[in-house]
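In what follows, a single structure is set out as structure tokens and then discussed.
The values are calculated or read from the model by the stated rules, or taken from the named source; none is laboratory data. Just so we're clear, the structure is a prediction, and the values are computed from it rather than from any experiment. Glycine gets a Cβ as well: all are built from the backbone with ideal geometry, and neighbour counts include every protein chain shown.
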Amino acid sequence: MIHTRILKALSLCSIATLFVFTNTIAQTEVSMIFVGDVMQHDGQIEAARNSANDTYEYEDGFKFVKPILNQYDLRVANLEVTLAGAPYKGYPQFSAPDELSETLVNSGFNVILTANNHSCDRGSKGVVRTLDVLDKLGVKHTGTFRSIAERNKNYPLMIEENGIRIAMLNYTYGTNGLSVSAPLIINYIDSAVIKKDVERAKELKADYIVCNMHWGTEYKPLPNNYQKRFESYCYDLGVDMVIGGHPHVVQPIEKKNIENQEKLTVWSLGNFVSNMKVRYTRGGVMVGASIKKSNGSTKLKDVNHWFVYVHPKQEGKIKQYYILPDFNYIDYREDFMSSSDLQKMSEFFEDSRSLYAEHTIGSVEKTISEKSAIGALYKSYLKGYYSVYLPDVNDDILLKKGMSKYLHETVDKDGKSYIVSGVASTYDQAKGHRQFVLDCKMSSEPKIVFIQLNNVTRVEE
């Protein structure tokens, strides 16, 4: 899809008037954010289909979390579906449209985990094609492999960021009784294998080791003995951080001191995006942490979390599954939520906070202030905003760098897709964005539009 290629393209252009978030963390620090299960049930797949051009549209659903994600250096998601191609199907054996993974990357995710209980849903083809799609996108990934040779070469996933070497590990308790034949490899939770992998991470001079575990009892708010046993085992081996998923509900965070070393356990991140509707499953938690390297030692610095709720809403021909942090959305767009939806969202946040108040140690909740830059962006999305539509593209544009910071996609009520640049509250600001587009030669005839309630309206210039 051409709009996806644009969003992946890079540009050297910059302009102060564009709404971007910059990383101010010192070069000896790395920040990470982890989100829960990325799922696609039948209802989500059907809702995302754009009959106007026979594609699948997800971008708008992620726009409220994108500016949060992009404040962190490493942005990690669990892809709990295969990308096995059509026919697309939800539970119990998932195959999601490629556009979902493209949207994850466009939204800022730069590390994708693939070891979970749905890794083998579409057999060997599903495992291989998922890896092929992720490789084509250029995103780092780990957890499943085409061969032992590939695993030996690329595992642990070593990420060097700001002078800190991080080893990213990923394992699953099982694959729902399904398996794939050699040479394919799925990382299962196995004490001997984990021990060997941690030793290898140390040989590769890892400053910090993160172990992502797909484990736990579904729909239970507290960890089971299996989780506790392997968490303890990981820390005995020298792992620094254990991040969990699978239960489809939020479980607590624990910052703990083990032999004078601060460790971080997130028992379960819950759902990042899904169509689960039962109480406690309607959302999840994004967990952020920063680590600092000083005098050859790398230590945990800060831990924070954001609760997020999944809000399905019909927007013209496309039903969006909005991933929403806590914010007063209806203050700026009354029809954004019904009273029933608002009650469900409030209930989810209250349930999560109650659980964390009793069991979470060492993490600070973060929310969106209406006076913050992100709050201002939210208001623009909800009330409507000026932007610049790019009606034409060419290969020269695709060769430029940094465009994902400046471009996003929206869909109007008739299902037409638009690639637009910038978010402006006034027409005059939009004129500046339009000049930026012209200066970067991204489009020969950029048009100023006003976007409101998924209506894209041309503004006379």
Report task. Would you be able to say whether some residue in the stretch 39-51 is among the aliphatic types (A, V, I, L, M), modelled with pLDDT of 95 or more and either in a loop (DSSP other than H, G, I, E, B) or crowded, with 22+ Cβ neighbours inside 10 Å (or both)? Result -> yes
Taking the stretch 348-381 and keeping only residues that are touching a Leu at 6+ places or on another chain (Cβ under 9 Å) and surrounded by 20 or more Cβ atoms within 10 Å (Cβ to Cβ), one is left with Ser363
Checked Ile451, Ile368 against criteria (outside the structural domain of Gly288 (by TED's automatic domain parsing), in a loop (DSSP other than H, G, I, E, B), modelled with pLDDT of 85 or more and out of contact with any Lys or Arg (no Cβ under 9 Å at 6 or more places or on another chain)); the one match is Ile368
Picked from the stretch 32-57 (must be under 12 Å from the mean Cα position of the chain (by Cα) and not hydrophobic (A, V, I, L, M, F, W, C)), the residue farthest from Ser101 (Cα to Cα) is Gly36
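Can you tell me which of Leu137, Leu131 is surrounded by 15 or more Cβ atoms within 10 Å (Cβ to Cβ), within 23 Å of the chain's Cα centre (by Cα) and modelled with pLDDT under 95? Quick ask: steps written out before the conclusion?
Numbers: Leu131 fails: modelled with pLDDT under 95.
Testing whether each residue is surrounded by 15 or more Cβ atoms within 10 Å (Cβ to Cβ), within 23 Å of the chain's Cα centre (by Cα) and modelled with pLDDT under 95 leaves just Leu137.
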Gln71 passes all but one of the listed conditions (1) in contact (Cβ under 8 Å) with a residue 12 or more places away in the chain; (2) in a helix (DSSP H, G or I); the exception is number (2)
All conditions in (1) of a type outside the set (Phe, Trp, Tyr); (2) crowded, with 18+ Cβ neighbours inside 10 Å; (3) not in a helix (DSSP H, G or I) are true of Leu104 except (3)
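From the list Tyr356, Tyr381, exactly one residue is assigned to a helix (DSSP H, G or I), of a type outside the set (A, V, I, L, M, F, W, C) and under 20 Å from the mean Cα position of the chain (by Cα). Which is it?
Tyr381
Okay, residues lined up against (1) at pLDDT 95 or above; (2) in the same structural domain as Met213 (by TED's automatic domain parsing); (3) within 25 Å of Gly244 (Cα to Cα):
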residue	(1), (2), (3)
Ser290	yes, yes, yes
Ser294	no, yes, no
Asn304	yes, yes, yes
Phe348	yes, no, yes
Leu355	yes, no, yes
Of the conditions (1) free of Cβ contacts under 8 Å to residues at least 12 places away in the same chain; (2) in contact with a Pro (Cβ under 9 Å, 6 or more places away or on another chain), the single one that Ala182 does not satisfy is (2)
Among strands (runs of 3 or more DSSP E) completely within the stretch 159-263, the ones holding 1 or more residues that are exposed (fewer than 13 other Cβ atoms within 10 Å of the Cβ) are 253-258
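Do the conditions hold for Leu100, that is, is it under 30 Å from Thr367 (Cβ atoms), of a type outside the set (Ser, Thr, Tyr) and out of contact with any helix residue (DSSP H, G or I) (no Cβ under 9 Å at 6 or more places or on another chain)?
Numbers: under 30 Å from Thr367 (Cβ atoms): yes; of a type outside the set (Ser, Thr, Tyr): yes; out of contact with any helix residue (DSSP H, G or I) (no Cβ under 9 Å at 6 or more places or on another chain): no.
No, not satisfied.
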| Any residue in the stretch 301-311 that is crowded, with 20+ Cβ neighbours inside 10 Å, assigned to a strand (DSSP E or B) and of a type in the set (Ser, Thr, Tyr)? | yes
Within the stretch 228-279, residues on the phi > 0 side of the Ramachandran plot and either under 23 Å from the mean Cα position of the chain (by Cα) or of a type in the set (Ser, Thr, Tyr) (or both) come out as His246, His248, Gly270
Point to revise | Test for Ala167: is it in contact with a helix residue (DSSP H, G or I) (Cβ under 9 Å, 6 or more places away or on another chain), in the same structural domain as Asp37 (by TED's automatic domain parsing), without any contact (Cβ under 8 Å) to a residue 40 or more places away in the chain and more than 24 Å from Ala357 (Cβ to Cβ) | key: no
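Can you confirm whether Ala149 is crowded, with 22+ Cβ neighbours inside 10 Å and over 24 Å from Val81 (Cβ atoms)? Talk me through it step by step, then tell me what you get.
Details: crowded, with 22+ Cβ neighbours inside 10 Å: no; over 24 Å from Val81 (Cβ atoms): yes.
No; evaluated as a whole, the condition is false for this residue.
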Result of the Cβ filter at 9 Å on the stretch 40-57, keeping first residues that are outside the structural domain of Lys416 (by TED's automatic domain parsing) and partners that are loosely packed, with under 15 Cβ neighbours inside 10 Å, at least 6 apart or interchain, is Ala47/Gln314; Asn50/Lys416; Ala52/Asp414; Ala52/Lys416; Asn53/Met1; Asn53/Lys416; Thr55/Met1
